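Beneath this line is the structure, given in structure tokens, with notes to follow.
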Amino acid sequence: MKKIYALLLFLFFHSYFCFSQQPPNDNDDQRVEVLKKAYVADELNLSPQEAEKFWPVYNNYQNEIKQARKENPNDEVAYEKKVVEIKQRYQGNFKKVLGGNGQRVNKVYTTDKQFRDMLRNEQQNRRQQQNFQQQKKQQQFQPPPNKQRNNGNGQNKNNKDLNGGNKRNHHP
């Protein structure tokens, strides 16, 4: 009976530890996209009519930014240059959709940056909290500092007497 309980406990904890830290997946990316859309829509105060026209243009803009990153994975200057070109090209498209208001067009770009910064800060905070929790667990499970252990017959392992000198075994 004890073996059955032990087996069940093992299986339970095994599955708990295996699934406790899941790697990021597409669901996380979809969740971030939903949050981003809600954030952008809120910051830009999009009306339903504007939103209907805005999101296809914005999605195309985002796809071009992602493509620029893929084309220049190791060249930051080329990537930034391409991003500036894309922003300049889409500025007119956003103006048409947002009623010709230049401030709202600028807000598209600043809102995008603010969201990325918030996301980056959230990830850093979670990593720091995770590291803190790991350090706390390690501190909890550290063995106490080495003390002189008794070898079972009343003598210390390192054979020192109470006065700090070496204890010698005298034979008659």
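Table for the structure above
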read-out	value
Members of region 1-48 found to be polar (S, T, N, Q) and either in a loop (DSSP other than H, G, I, E, B) or at pLDDT 90 or above (or both), listed by number	Ser20, Gln21, Gln22, Asn25, Asn45, Ser47
Qualifying positions in region 88-129 - surrounded by 14 or more Cβ atoms within 10 Å (Cβ to Cβ), more than 23 Å from the chain's Cα centre (by Cα) and touching a residue at least 24 places away in the same chain (Cβ under 8 Å)	Tyr90, Asn93, Phe94, Val97, Leu98, Arg104, Lys107, Val108
Set Lys81, Lys66: member being of a type in the set (D, E, K, R) and more than 21 Å from Val32 (Cα to Cα)	Lys81
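The values are calculated or read from the model by the stated rules, or taken from the named source; none is laboratory data. These numbers come from a predicted model, not from an experiment. No Cβ is skipped: glycine too gets one built from the backbone with ideal geometry, and neighbour counts run over all protein chains shown.
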